[in-house]
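Engineer: The structure under discussion is supplied below as C-alpha coordinates; questions concerning it will follow.
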Amino acid sequence: MKAIVTTGNGGYDKLEYRDVPLPEVASGEVLLQVLAAGVNNTEINTRLGWYSSSVSSGTNEIASDAHESDSPKSDGGWSEPTPFPFIQGTDCCGRVVGVASDVDQSLIGARVLVRPCMRPDGFSSMRNIWMGSDFDGSFAQYVKVCASEVFVVQSQWSDVELGSIPCSYGSAENMLHRAKVASGEHVLIAGASGGVGSAAVQLAKLRGAKVTAIVGSNKTQQVLELGADRAIERGKNLVNELGDEAVDVVIDNVGGKDFASSLQVLRRGGRYASSGAIGGPIVELDLRTFYLKDLTLIGCTAWDEPVFPNLISYIEKNQIRPVVAKTFALKDIAQAQAEFLEKKHFGKFVLVPEH
(Lines give C-alpha, C1' and ligand atoms only; values in the text may rest on other atoms or scores of the structure.)
Protein backbone atom coordinates (compact mmCIF):
# COMPACT_ATOMS: atom_id res chain seq x y z
CA MET A 1 0.00 0.00 0.00
CA LYS A 2 0.96 3.66 -0.26
CA ALA A 3 1.66 5.61 2.91
CA ILE A 4 3.35 8.73 4.21
CA VAL A 5 6.28 7.54 6.32
CA THR A 6 7.71 10.08 8.76
CA THR A 7 11.38 9.21 9.04
CA GLY A 8 12.44 11.44 11.95
CA ASN A 9 12.36 14.88 13.53
CA GLY A 10 12.75 17.71 11.05
CA GLY A 11 11.19 19.46 8.06
CA TYR A 12 8.98 18.34 5.20
CA ASP A 13 11.82 16.21 3.83
CA LYS A 14 10.99 13.77 6.63
CA LEU A 15 7.64 12.98 4.96
CA GLU A 16 8.13 10.22 2.39
CA TYR A 17 5.30 8.93 0.18
CA ARG A 18 6.21 5.32 -0.55
CA ASP A 19 5.12 1.69 -0.67
CA VAL A 20 4.95 -0.16 2.64
CA PRO A 21 3.58 -3.62 3.56
CA LEU A 22 -0.14 -3.95 4.12
CA PRO A 23 -0.81 -4.28 7.89
CA GLU A 24 -1.67 -7.77 9.12
CA VAL A 25 -4.30 -7.95 11.85
CA ALA A 26 -3.54 -9.74 15.10
CA SER A 27 -5.97 -10.90 17.77
CA GLY A 28 -8.60 -8.28 18.58
CA GLU A 29 -7.76 -6.06 15.59
CA VAL A 30 -9.50 -4.84 12.46
CA LEU A 31 -8.12 -3.63 9.13
CA LEU A 32 -9.53 -0.38 7.76
CA GLN A 33 -9.41 1.11 4.31
CA VAL A 34 -8.70 4.76 5.08
CA LEU A 35 -11.33 6.95 3.42
CA ALA A 36 -10.26 10.31 4.87
CA ALA A 37 -7.73 11.57 7.43
CA GLY A 38 -7.71 15.04 8.98
CA VAL A 39 -4.63 17.23 9.40
CA ASN A 40 -3.86 18.28 12.98
CA ASN A 41 -1.30 20.33 14.88
CA THR A 42 -0.17 17.20 16.70
CA GLU A 43 1.22 15.51 13.59
CA ILE A 44 3.29 18.58 12.82
CA ASN A 45 4.37 18.91 16.44
CA THR A 46 5.44 15.26 16.60
CA ARG A 47 7.46 15.53 13.38
CA LEU A 48 9.15 18.66 14.71
CA GLY A 49 9.77 17.18 18.17
CA TRP A 50 7.84 20.11 19.64
CA TYR A 51 6.83 18.15 22.75
CA SER A 52 10.46 18.06 23.88
CA SER A 53 11.25 20.03 27.03
CA SER A 54 14.04 21.67 25.02
CA VAL A 55 11.43 23.54 22.92
CA SER A 56 10.08 26.79 24.34
CA SER A 57 8.43 28.46 21.32
CA GLY A 58 5.18 27.96 19.42
CA THR A 59 4.64 25.48 16.60
CA ASN A 60 4.97 27.98 13.77
CA GLU A 61 8.26 29.35 15.06
CA ILE A 62 10.02 26.01 15.25
CA ALA A 63 8.43 24.86 11.98
CA SER A 64 10.09 27.76 10.17
CA ASP A 65 13.46 26.67 11.62
CA ALA A 66 13.13 22.94 10.87
CA HIS A 67 15.94 21.54 8.72
CA GLU A 68 16.99 18.20 7.30
CA SER A 69 19.94 18.13 9.69
CA ASP A 70 17.82 18.53 12.84
CA SER A 71 18.91 16.14 15.56
CA PRO A 72 16.41 13.60 16.96
CA LYS A 73 14.58 14.57 20.16
CA SER A 74 14.20 11.53 22.38
CA ASP A 75 11.53 13.29 24.44
CA GLY A 76 9.81 14.86 21.42
CA GLY A 77 6.74 12.61 21.59
CA TRP A 78 3.66 12.89 23.77
CA SER A 79 4.63 10.50 26.54
CA GLU A 80 6.76 7.82 24.91
CA PRO A 81 9.64 8.10 22.42
CA THR A 82 8.27 8.58 18.90
CA PRO A 83 8.72 5.28 16.99
CA PHE A 84 10.43 6.65 13.84
CA PRO A 85 10.15 5.66 11.07
CA PHE A 86 6.39 5.30 11.28
CA ILE A 87 3.08 6.40 9.76
CA GLN A 88 1.40 9.41 11.34
CA GLY A 89 -2.28 10.30 11.08
CA THR A 90 -4.53 10.82 14.10
CA ASP A 91 -7.93 11.18 12.40
CA CYS A 92 -9.52 8.32 10.51
CA CYS A 93 -12.78 7.74 8.76
CA GLY A 94 -12.47 4.24 7.37
CA ARG A 95 -14.26 1.17 6.12
CA VAL A 96 -13.68 -2.20 7.78
CA VAL A 97 -12.20 -4.59 5.20
CA GLY A 98 -10.79 -7.29 7.46
CA VAL A 99 -11.08 -8.57 11.03
CA ALA A 100 -9.18 -11.02 13.20
CA SER A 101 -10.80 -14.40 13.86
CA ASP A 102 -11.87 -13.31 17.35
CA VAL A 103 -13.61 -10.13 16.14
CA ASP A 104 -17.25 -9.82 15.07
CA GLN A 105 -17.32 -10.60 11.33
CA SER A 106 -20.40 -8.42 10.82
CA LEU A 107 -18.17 -5.35 11.14
CA ILE A 108 -16.82 -5.96 7.63
CA GLY A 109 -18.11 -3.27 5.29
CA ALA A 110 -19.07 -0.85 8.08
CA ARG A 111 -18.02 2.79 7.89
CA VAL A 112 -16.37 3.76 11.16
CA LEU A 113 -14.51 6.45 13.04
CA VAL A 114 -11.45 5.54 15.09
CA ARG A 115 -11.04 6.80 18.64
CA PRO A 116 -7.40 7.93 18.39
CA CYS A 117 -6.83 8.37 22.13
CA MET A 118 -6.67 4.91 23.65
CA ARG A 119 -6.53 3.94 27.33
CA PRO A 120 -4.76 0.56 27.32
CA ASP A 121 -4.99 0.13 31.12
CA GLY A 122 -8.67 1.06 31.25
CA PHE A 123 -10.36 4.34 32.11
CA SER A 124 -9.31 4.14 35.76
CA SER A 125 -5.75 4.87 34.61
CA MET A 126 -4.68 8.10 32.92
CA ARG A 127 -2.06 6.35 30.76
CA ASN A 128 -2.92 6.88 27.14
CA ILE A 129 -1.52 6.10 23.71
CA TRP A 130 -2.41 7.80 20.44
CA MET A 131 -2.81 6.48 16.93
CA GLY A 132 -0.39 8.30 14.67
CA SER A 133 1.83 9.39 17.56
CA ASP A 134 2.69 6.18 19.41
CA PHE A 135 1.96 3.67 16.63
CA ASP A 136 1.11 3.67 12.91
CA GLY A 137 -1.83 5.85 11.96
CA SER A 138 -4.06 6.86 9.08
CA PHE A 139 -1.77 8.66 6.61
CA ALA A 140 -1.95 5.54 4.47
CA GLN A 141 -4.34 3.57 2.30
CA TYR A 142 -4.94 1.11 5.14
CA VAL A 143 -4.51 1.05 8.92
CA LYS A 144 -5.04 -1.60 11.59
CA VAL A 145 -6.46 -0.78 15.04
CA CYS A 146 -7.97 -2.52 18.04
CA ALA A 147 -11.59 -3.41 17.37
CA SER A 148 -12.57 -1.71 20.64
CA GLU A 149 -11.50 1.63 19.19
CA VAL A 150 -13.69 1.64 16.06
CA PHE A 151 -17.17 3.11 16.25
CA VAL A 152 -19.74 2.43 13.55
CA VAL A 153 -21.40 5.67 12.48
CA GLN A 154 -24.76 5.98 10.74
CA SER A 155 -24.72 9.34 8.99
CA GLN A 156 -25.27 11.03 5.65
CA TRP A 157 -22.05 12.98 6.11
CA SER A 158 -19.34 12.46 3.51
CA ASP A 159 -16.15 10.54 4.27
CA VAL A 160 -14.23 13.83 4.28
CA GLU A 161 -16.65 15.41 6.73
CA LEU A 162 -16.40 12.44 9.09
CA GLY A 163 -12.62 12.39 8.71
CA SER A 164 -12.44 15.94 10.07
CA ILE A 165 -13.95 14.98 13.42
CA PRO A 166 -12.00 12.64 15.75
CA CYS A 167 -8.97 14.52 17.13
CA SER A 168 -10.32 18.08 17.12
CA TYR A 169 -13.84 17.34 18.28
CA GLY A 170 -12.67 14.71 20.75
CA SER A 171 -10.18 17.13 22.31
CA ALA A 172 -12.82 19.85 22.51
CA GLU A 173 -15.46 17.52 23.96
CA ASN A 174 -12.96 16.22 26.52
CA MET A 175 -12.13 19.75 27.72
CA LEU A 176 -15.79 20.74 28.01
CA HIS A 177 -16.60 17.44 29.74
CA ARG A 178 -13.72 17.78 32.21
CA ALA A 179 -14.59 21.43 32.90
CA LYS A 180 -18.23 20.44 33.51
CA VAL A 181 -19.56 23.22 31.29
CA ALA A 182 -23.23 23.79 32.07
CA SER A 183 -26.11 25.64 30.50
CA GLY A 184 -26.00 29.38 31.06
CA GLU A 185 -22.27 29.53 31.76
CA HIS A 186 -20.01 31.94 29.86
CA VAL A 187 -17.22 30.13 27.99
CA LEU A 188 -14.22 31.86 26.42
CA ILE A 189 -12.65 29.86 23.56
CA ALA A 190 -9.18 30.68 22.28
CA GLY A 191 -8.16 29.81 18.72
CA ALA A 192 -11.81 29.45 17.75
CA SER A 193 -11.18 29.30 14.00
CA GLY A 194 -9.04 26.15 14.21
CA GLY A 195 -10.18 22.55 14.34
CA VAL A 196 -10.39 22.26 18.14
CA GLY A 197 -11.66 25.79 18.63
CA SER A 198 -14.44 25.62 16.05
CA ALA A 199 -15.48 22.27 17.52
CA ALA A 200 -15.52 23.76 21.03
CA VAL A 201 -17.78 26.61 19.89
CA GLN A 202 -20.39 24.14 18.68
CA LEU A 203 -20.06 21.75 21.61
CA ALA A 204 -20.30 24.56 24.18
CA LYS A 205 -23.43 25.92 22.47
CA LEU A 206 -24.86 22.40 22.45
CA ARG A 207 -24.56 22.49 26.24
CA GLY A 208 -26.46 25.79 26.37
CA ALA A 209 -23.45 27.96 27.19
CA LYS A 210 -22.80 31.55 26.14
CA VAL A 211 -19.69 31.59 23.94
CA THR A 212 -17.10 34.29 23.36
CA ALA A 213 -14.61 33.30 20.66
CA ILE A 214 -11.11 34.65 20.02
CA VAL A 215 -10.29 34.69 16.29
CA GLY A 216 -8.35 36.58 13.66
CA SER A 217 -10.06 39.74 12.41
CA ASN A 218 -10.94 38.17 9.05
CA LYS A 219 -12.74 35.21 10.65
CA THR A 220 -15.21 37.01 12.88
CA GLN A 221 -18.26 36.46 10.71
CA GLN A 222 -17.54 32.76 10.27
CA VAL A 223 -17.29 32.08 13.98
CA LEU A 224 -20.50 34.01 14.65
CA GLU A 225 -22.28 31.96 11.97
CA LEU A 226 -20.96 28.85 13.69
CA GLY A 227 -22.83 29.86 16.85
CA ALA A 228 -20.55 32.08 18.92
CA ASP A 229 -22.37 34.89 20.74
CA ARG A 230 -19.41 37.26 20.49
CA ALA A 231 -16.06 37.37 18.73
CA ILE A 232 -12.93 39.11 20.00
CA GLU A 233 -10.10 39.80 17.60
CA ARG A 234 -6.91 37.92 18.40
CA GLY A 235 -4.36 40.24 20.00
CA LYS A 236 -6.93 42.42 21.75
CA ASN A 237 -6.57 42.91 25.50
CA LEU A 238 -8.97 40.41 27.04
CA VAL A 239 -9.39 42.31 30.29
CA ASN A 240 -10.27 45.49 28.42
CA GLU A 241 -12.72 43.62 26.20
CA LEU A 242 -14.40 41.47 28.85
CA GLY A 243 -13.51 42.92 32.26
CA ASP A 244 -12.28 41.08 35.33
CA GLU A 245 -14.16 37.95 36.42
CA ALA A 246 -16.34 37.89 33.29
CA VAL A 247 -16.29 34.21 32.27
CA ASP A 248 -16.87 30.87 33.97
CA VAL A 249 -14.66 28.66 31.79
CA VAL A 250 -11.72 29.14 29.42
CA ILE A 251 -11.15 26.51 26.73
CA ASP A 252 -7.65 26.91 25.34
CA ASN A 253 -5.27 25.07 23.05
CA VAL A 254 -3.24 28.19 22.21
CA GLY A 255 -1.43 29.22 25.38
CA GLY A 256 1.27 31.82 24.77
CA LYS A 257 1.09 35.43 25.85
CA ASP A 258 -2.66 35.47 26.53
CA PHE A 259 -2.52 32.82 29.26
CA ALA A 260 -2.26 35.28 32.16
CA SER A 261 -5.14 37.44 30.95
CA SER A 262 -7.24 34.30 30.37
CA LEU A 263 -6.99 33.60 34.09
CA GLN A 264 -7.67 37.22 34.95
CA VAL A 265 -11.03 37.24 33.15
CA LEU A 266 -12.15 34.07 34.94
CA ARG A 267 -14.67 34.42 37.74
CA ARG A 268 -13.84 33.18 41.23
CA GLY A 269 -14.09 29.42 41.17
CA GLY A 270 -13.66 29.42 37.39
CA ARG A 271 -12.10 26.61 35.36
CA TYR A 272 -9.38 26.74 32.73
CA ALA A 273 -8.95 23.69 30.46
CA SER A 274 -6.05 23.22 28.07
CA SER A 275 -5.27 20.62 25.41
CA GLY A 276 -2.41 22.37 23.65
CA ALA A 277 -0.13 25.37 23.39
CA ILE A 278 0.42 26.13 19.71
CA GLY A 279 1.01 29.80 20.54
CA GLY A 280 3.79 28.92 22.98
CA PRO A 281 4.14 26.41 25.85
CA ILE A 282 6.01 28.63 28.31
CA VAL A 283 3.63 31.06 30.04
CA GLU A 284 3.54 33.43 33.00
CA LEU A 285 1.47 32.31 35.96
CA ASP A 286 0.84 34.59 38.91
CA LEU A 287 0.07 32.09 41.65
CA ARG A 288 -1.86 34.77 43.51
CA THR A 289 -4.40 34.90 40.68
CA PHE A 290 -4.62 31.13 40.78
CA TYR A 291 -5.16 30.60 44.47
CA LEU A 292 -6.86 33.82 45.53
CA LYS A 293 -9.58 33.25 42.94
CA ASP A 294 -9.91 29.51 43.74
CA LEU A 295 -9.34 28.60 40.11
CA THR A 296 -9.12 25.08 38.73
CA LEU A 297 -6.58 24.38 35.97
CA ILE A 298 -7.35 21.23 34.00
CA GLY A 299 -4.85 19.52 31.72
CA CYS A 300 -6.59 17.45 29.06
CA THR A 301 -4.84 14.75 27.05
CA ALA A 302 -6.40 11.41 28.06
CA TRP A 303 -9.99 11.30 26.84
CA ASP A 304 -12.63 10.26 29.35
CA GLU A 305 -14.86 7.31 28.51
CA PRO A 306 -18.03 9.23 27.47
CA VAL A 307 -16.20 11.54 25.04
CA PHE A 308 -16.16 9.52 21.82
CA PRO A 309 -19.59 7.90 22.22
CA ASN A 310 -20.93 11.42 22.78
CA LEU A 311 -19.43 12.56 19.47
CA ILE A 312 -20.93 9.63 17.55
CA SER A 313 -24.32 10.50 19.05
CA TYR A 314 -23.99 14.18 18.12
CA ILE A 315 -23.11 13.24 14.53
CA GLU A 316 -25.94 10.75 14.13
CA LYS A 317 -28.43 13.30 15.51
CA ASN A 318 -26.96 16.11 13.36
CA GLN A 319 -26.40 18.20 16.48
CA ILE A 320 -22.99 19.38 15.25
CA ARG A 321 -21.63 20.07 11.80
CA PRO A 322 -18.21 19.52 10.26
CA VAL A 323 -16.15 22.53 9.22
CA VAL A 324 -13.95 21.43 6.33
CA ALA A 325 -11.76 24.15 4.85
CA LYS A 326 -9.99 22.16 2.11
CA THR A 327 -9.09 18.66 0.97
CA PHE A 328 -5.76 17.37 -0.36
CA ALA A 329 -4.52 14.12 -1.85
CA LEU A 330 -2.55 12.12 0.72
CA LYS A 331 0.63 12.47 -1.35
CA ASP A 332 0.34 16.27 -1.04
CA ILE A 333 0.70 16.22 2.75
CA ALA A 334 3.65 18.66 2.77
CA GLN A 335 1.57 21.25 0.90
CA ALA A 336 -1.35 20.64 3.27
CA GLN A 337 0.80 21.11 6.38
CA ALA A 338 2.47 24.23 4.96
CA GLU A 339 -0.91 25.84 4.24
CA PHE A 340 -2.16 24.65 7.63
CA LEU A 341 0.60 26.57 9.38
CA GLU A 342 -0.35 29.77 7.55
CA LYS A 343 -3.58 29.77 9.63
CA LYS A 344 -5.57 31.46 6.89
CA HIS A 345 -8.22 28.76 6.87
CA PHE A 346 -11.29 28.20 9.05
CA GLY A 347 -11.88 24.64 10.23
CA LYS A 348 -10.06 21.47 9.15
CA PHE A 349 -7.87 20.28 6.27
CA VAL A 350 -8.48 16.65 5.26
CA LEU A 351 -6.26 14.22 3.33
CA VAL A 352 -7.79 11.65 0.96
CA PRO A 353 -5.78 8.53 -0.02
CA GLU A 354 -5.95 7.23 -3.59
CA HIS A 355 -7.52 3.79 -4.01
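The values are calculated or read from the model by the stated rules, or taken from the named source; none is laboratory data. If you're wondering where the values come from, they're calculated on a predicted model, not measured in any experiment. Glycine also receives a Cβ, built like all others from the backbone with ideal geometry; neighbour counts cover every protein chain displayed.
Engineer: State yes or no: is residue 96 farther than 17 Å from residue 276 by Cα, outside any strand (DSSP E or B) and out of contact with any Ser or Thr (no Cβ under 6 Å at 6 or more places or on another chain)?
Structural biologist: no
Let's see how each residue does on (1) among the hydrophobic types (A, V, I, L, M, F, W, C); (2) over 23 Å from residue 46 (Cα atoms); (3) not assigned by TED's automatic domain parsing to the domain that holds residue 295:
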{"residue": "175", "(1), (2), (3)": "yes, no, no"}
{"residue": "185", "(1), (2), (3)": "no, yes, no"}
{"residue": "190", "(1), (2), (3)": "yes, no, no"}
{"residue": "243", "(1), (2), (3)": "no, yes, no"}
{"residue": "253", "(1), (2), (3)": "no, no, no"}
{"residue": "260", "(1), (2), (3)": "yes, yes, no"}
{"residue": "276", "(1), (2), (3)": "no, no, no"}
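Engineer: Scan the range 145-158 residue by residue and report those that are buried (at least 19 other Cβ atoms within 10 Å of the Cβ) and of a type outside the set (A, V, I, L, M, F, W, C).
Structural biologist: The one that is buried (at least 19 other Cβ atoms within 10 Å of the Cβ) and of a type outside the set (A, V, I, L, M, F, W, C): 149.
Engineer: Sticking with this structure for a sec: Considering only the range 68-77, I want to know if a residue exists there that is polar (S, T, N, Q), under 29 Å from residue 199 (Cα atoms) and surrounded by fewer than 15 Cβ atoms within 10 Å (Cβ to Cβ).
Structural biologist: Among the residues of the range 68-77, not one is polar (S, T, N, Q), under 29 Å from residue 199 (Cα atoms) and surrounded by fewer than 15 Cβ atoms within 10 Å (Cβ to Cβ), which makes the answer no.
Engineer: Where residues in the range 314-355 are in a strand (DSSP E or B) and of a type in the set (Gly, Ala, Ser), which of them is surrounded by the fewest Cβ atoms within 10 Å (Cβ to Cβ)?
Structural biologist: 329
Engineer: Within the range 88-102, how many residues are of a type in the set (Val, Ile, Thr) and surrounded by fewer than 21 Cβ atoms within 10 Å (Cβ to Cβ)?
Structural biologist: Result for the range 88-102: 2.
Engineer: I'm told residue 179 meets every condition in (1) surrounded by 21 or more Cβ atoms within 10 Å (Cβ to Cβ); (2) touching a strand residue (DSSP E or B) at 6+ places or on another chain (Cβ under 7 Å); (3) not assigned by TED's automatic domain parsing to the domain that holds residue 270 except one. Can you identify the failing condition by its number?
Structural biologist: (3)
Engineer: Here are some conditions: (1) basic (Lys, Arg); (2) closer than 28 Å to residue 263 by Cα; (3) not assigned by TED's automatic domain parsing to the domain that holds residue 43. Residue 343 meets all but one. Which one does it not meet?
Structural biologist: Against the list (1) basic (Lys, Arg); (2) closer than 28 Å to residue 263 by Cα; (3) not assigned by TED's automatic domain parsing to the domain that holds residue 43, residue 343 comes up short only on (3).
Engineer: Any residue at all in the range 27-34 that is assigned by TED's automatic domain parsing to the domain that holds residue 161, in a loop (DSSP other than H, G, I, E, B) and at negative phi?
Structural biologist: Yes.
Engineer: Do we have residue 308 as of a type in the set (Phe, Trp, Tyr), in contact with a Pro (Cβ under 9 Å, 6 or more places away or on another chain) and within 30 Å of residue 269 (Cβ to Cβ) here?
Structural biologist: yes
Engineer: Check 127, 119, 115 and return the single one that is buried (at least 22 other Cβ atoms within 10 Å of the Cβ) and under 20 Å from the mean Cα position of the chain (by Cα).
Structural biologist: Just one listed residue meets the conditions, 115.
Engineer: Being of a type in the set (Gly, Ala, Ser) and within 15 Å of the chain's Cα centre (by Cα) is the filter; apply it to the range 288-321 and report the residue that is farthest from residue 5 (Cα to Cα).
Structural biologist: This residue is 299.
Engineer: Could you list, in sequence order, the residues of the range 322-355 that are among the basic types (Lys, Arg) and under 16 Å from the mean Cα position of the chain (by Cα)?
Structural biologist: Matches in the range 322-355: 343, 348.
Engineer: Kindly evaluate residue 81 against the criterion of being modelled with pLDDT under 95, surrounded by fewer than 23 Cβ atoms within 10 Å (Cβ to Cβ) and outside any helix (DSSP H, G or I).
Structural biologist: Yes; evaluated as a whole, the condition is true for this residue.
Engineer: Separate question: Is it fair to say residue 161 is farther than 25 Å from residue 15 by Cα, surrounded by 16 or more Cβ atoms within 10 Å (Cβ to Cβ) and acidic (Asp, Glu)?
Structural biologist: No, not satisfied.
Engineer: So how many residues does the range 102-117 have that are of a type outside the set (D, E, K, R), out of contact with any Cys (no Cβ under 7 Å at 6 or more places or on another chain) and in contact (Cβ under 8 Å) with a residue 12 or more places away in the chain?
Structural biologist: Qualifying residue count, the range 102-117: 7.
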